[in-house]
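Values in this text are rule-based calculations from the coordinates and carry no lab data. What you see is a predicted model; the values in this text were computed from it and never measured. All Cβ positions, glycine included, derive from the backbone under ideal geometry; neighbour counts span all protein chains shown.
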């Protein structure tokens with residue numbers, strides 16, 4: 001199993017910034033330390049090519065990102081201070097998802113220890129998302145004739161609004177989002193299937209919904225590849241989550257989604273998505289569990 005990772009996934013932030021930037025390296029280091037993975041598993045992605053980014057994003061937005069010409073409003077909407085490092089981080093994360101998608105088609109599964117930037121629209125970024133890595137990777141696979149029908153299973157607590165908007169009206173891509181109804185973004189887009197959860201949903205309720213939805217999506221749509229956005233912010237002690245899933249519950253969620261794909265021999269790629277626990281170690285542990293779950297089915 002190949003896992004994309006790069007130190008470029010991190011950029012320096014003010015210590016008071018709410019985004020837990022060290023989580024990427026911490027997850028990589030924890031998985032290596034416990035010998036769940038070795039350096040053989042790791043692939044370092046180069047920056048994504050502009051021609052691939054332009055499969056989803058507008059020329060104007062790409063030009064102004066590349067040249068550091070975003071407005072103050074656009075930068076505030078993204079939520080990170082603009083820098084060359086942020087551009088490198090964003091391009092590397094996109095390429096990590098592209099590489100992982102290709103590896104998943106070959107091996108059955110692959111992961112990107114970043115990505116899941118599902119709030120980015122064609123002409124702007126928001127919610128800590130600059131470019132939409134899943135949408136770009138899907139379009140690259142379609143352009144290259146590697147996959148045609150693609151499903152996005154988005155389990156981040158925040159709706160994948162950018163992804164939903166990008167693929168609206170495209171019968172080749174099934175977008176599924178299970179998210180907090182009273183959470184960011186305030187204005188939701190229309191996915192192919194949205195599950196809007198009230199605050200306080202627990203493990204049992206959440207997993208029952210997944211058991212009712214995911215197998216039917218896979219059986220009815222029959223995708224060539226699944227992008228699994230494994231955000232861990234439904235965690236009960238997440239600062240932005242408002243749901244009540246435990247770390248074991250999140251692990252069971254990962255096992256369910258991956259098992260449903262494995263049973264149907266559908267390749268699956270996992271991306272990290274959000275996680276803002278009060279203790280960053282909880283976020284890291286939940287992200288590591290996604291990789292551990294994948295390794296259970298694809299040792």
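Observations on the structure shown:
- Surface/4 estimate of mean projected area, convex hull on alpha-carbon atoms of segment 7-50, nm²: 4.4
- Extending 7 Å from Cα along the Cβ direction at residue 296 and again at residue 64 yields two label points whose distance is 4.6 nm.
- DSSP assigns beta bridges within segment 108-237; of those with both partners inside it, close to 10 percent run antiparallel.
- Packing-based exposure ordering (other Cβ within 10 Å, fewest first) of 250, 55: 55, 250
- Residues of segment 135-163 with amide N under 16 Å of the 7 Å Cα→Cβ point at residue 264: 148-155
- Whether the chain is rounded, prolate or oblate, judged on the alpha carbon gyration tensor where a/c under 1.5 counts as rounded: rounded
- Label point distance in nm, residue 222-residue 83, each placed 7 Å from Cα along Cα→Cβ: 5.0
- Segment residue 55-residue 246, extension gain: residue separation times 0.36 nm, minus the distance between their alpha carbons: 65.0 nm
- Fraction of beta bridges assigned by DSSP in segment 158-299 that are antiparallel (%, nearest 5): 10
- Percent of beta bridges antiparallel (DSSP, the chain, rounded to nearest 5): 10
- Going from the residue with the fewest nearby Cβ atoms within 10 Å to the one with the most, 272, 26 rank 26, 272.
- Efficiency of FRET from Cβ geometry, residue 239 and residue 105, R₀ 45 Å, rounded to 0.05: 0.80
- Put a dot 7 Å past the Cα of residue 208, heading toward its Cβ, do the same for residue 148, and the two dots end up 3.9 nm apart.
- Neighbour-count order for 43, 157, fewest beta carbons within 10 angstrom listed first: 43, 157
- Our estimate of slack between residue 73 and residue 44, defined as 0.36 nm per intervening residue step minus the Cα-Cα distance, is 7.2 nm.
- A viscosity of 1.567 mPa s and a temperature of 4 °C, combined with the Kirkwood radius over C-alpha pairs in the Stokes-Einstein formula, give segment 154-299 a diffusion coefficient of 85 µm²/s.
- By the helix-only formula, in which each DSSP H run with n ≥ 4 contributes -39500 (n - 2.57) and the sum is divided by residues, the chain has a 222 nm mean residue ellipticity of -13500 deg cm²/dmol.
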